[in-house]
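Bear in mind these aren't lab numbers, they're just calculated from the coordinates by the rules spelled out. What you see is a predicted model; the values in this text were computed from it and never measured. Heads up, the Cβs are rebuilt from the backbone with ideal geometry, glycines too, and the neighbour counts pull from every protein chain shown.
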Amino acid sequence: MPQDNIFRLLLTTLETGLPVLLGHFLATLTLLGLGVVLYMAITPFHERRLVGEGNVAAGVVLAGTVVALAIPLAATLATSYAVLDILLWGAVALVIQLLAFGIATLMLGGLRERIEAGNTAAASALVGVQIALALLNAGAMAG
């Protein structure tokens, strides 16, 4: 009999918790996809084309950007209780990350030419700045 109660409790927990988990996760994935699309729209280079051509530097930048966008979104997801909260603070996190990209671009100068030429050192520097700012952004979102 006690096992029956435990099984029912587990099912009840899944029935109530799983839809919430999936809703929060879907909202966060949607924000991540939107962030990547916006990032690709504002960058001075064409990541998809460059990655398709085998440009390692562009691949590093795109992969680093996805990670840098996901870090503060993960913090928002972990600390929010409602989808609206995730959407609001997730959007703020994305704006901050996109501004961070703009700042990094100014700091590193000539980034377009270097990424298009396959300069992985420039790509790594950009990704480092993006991830460092993402970690700070995540800390602020979680605080």
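Computed from backbone phi with θ = phi - 60° and the Karplus coefficients 6.51, -1.76 and 1.60, the 3J(HN,Hα) list for segment 98-109 is 5, 5, 4, 4, x, 5, 4, 4, 5, 5, 8, x Hz; x is used for glycine and proline. Which FRET efficiency value, to the nearest 0.05, do you get for A142 and V37 by plugging their Cβ-Cβ distance into 1/(1 + (r/R0)^6) with R0 = 30 Å? The formula returns an efficiency of 0.75 here. Modelled this way, with points 7 Å down the Cα-to-C-beta line, the labels at V83 and H46 are 3.6 nm from one another.
Counting neighbouring beta carbons within 10 Å and listing from fewest to most, the residues M40, M107, M141 come out as M107, M40, M141. Between the Cα long axis of helix 2-42 and the first principal axis of the chain there is an angle of about 20°, rounded to the nearest 10. Helix 56-79: angle to the longest alpha-carbon principal axis of the chain, degrees 0 to 90, nearest 10? Its long axis makes an angle of about 30 degrees. Modelled spin labels at E53 and A132, positioned 7 Å past Cα toward Cβ, are 3.0 nm from each other.
Computed from backbone phi with θ = phi - 60° and the Karplus coefficients 6.51, -1.76 and 1.60, the 3J(HN,Hα) list for segment 122-134 is 5, 4, 5, 4, 4, 4, x, 5, 4, 6, 4, 5, 5 Hz; x is used for glycine and proline.
This ranking places Y81, Y39 by how few other beta-carbon atoms lie within 10 Å of each, fewest first, which gives Y81, Y39. Legend: calculated FRET efficiency, S124 to V95, from the Cβ-Cβ distance at R0 = 35 Å, rounded to 0.05, equals 0.90.
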